[in-house]
Amino acid sequence: MSDVTKPDRDLTKVHPLLQLRLLSFFQECGRRKVSVFITEGYRSGERQDWLYARGRTRDTSRPVLTYAKAGQSYHNLLIMDQPCSAAVDVAVWDEDTPWSKSLEWSGSAKEWEKVHAAAEAAGLQTLNFEKPHIQLPYALDDLRAGAHWIDLGPMTPLLRPRDPEA
């Protein structure tokens, strides 16, 4: 079991259609002059339950972080038993805010409006109650059944995270 406190940013564990639309999303963010970065993609059921507990049974002084339990989140999607997240979380890059605080949804309302507009222009869905969440705009059950699958072939390695040791 992996460490539930650590987010997974490996974009090869993200649905291929989402990978493709994320390229458009980042271009749209650039056009709108807002800098964002991905904070999380695939999320195990254990991590989902750990995040769900925040504000409820763990860290009760902090706000609730998610409304989805394990298996209910687009982050938990598995296709043929392989991680295939249909959602990512993003944060607005703010030079005046330490990176760790950026995960607490830094950025002004105007910046988040730009992020959400960029996502929608790229064919992605946002959630008003969870600013950083961006997902494919399809029913989770359809995605689980393999609908909207595309094969990116040689494009997929372009989205692999860079090895910081390289």
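At a glance:
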read-out: Whole-Å semi-axes of region 11-147's equivalent ellipsoid (Cα gyration tensor); value: 23, 21, 12
read-out: For region 19-32, Karplus couplings with θ = phi - 60° (6.51, -1.76, 1.60), whole Hz, Gly/Pro x; value: 4, 5, 5, 5, 4, 5, 4, 5, 5, 5, 4, x, 4, 8
read-out: Centroid-to-centroid separation of region 1-43 and region 105-124 [C-alpha atoms, Å]; value: 14 Å
read-out: Where GluC sites (Glu not before Pro) fall in DSSP loop in region 1-97, at most 11 other Cβ within 10 Å; value: 95
read-out: Gain upon complete extension [residue 59, residue 144; 0.36 nm per residue less C-alpha separation]; value: 27.4 nm
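Coordinate-derived values only; no laboratory data. Just so it is clear, the structure is predicted and the values come from calculations on it, not from any experiment. Here the Cβ is made from the backbone with ideal geometry for all residues, glycine too, and neighbour counts use every protein chain on show.
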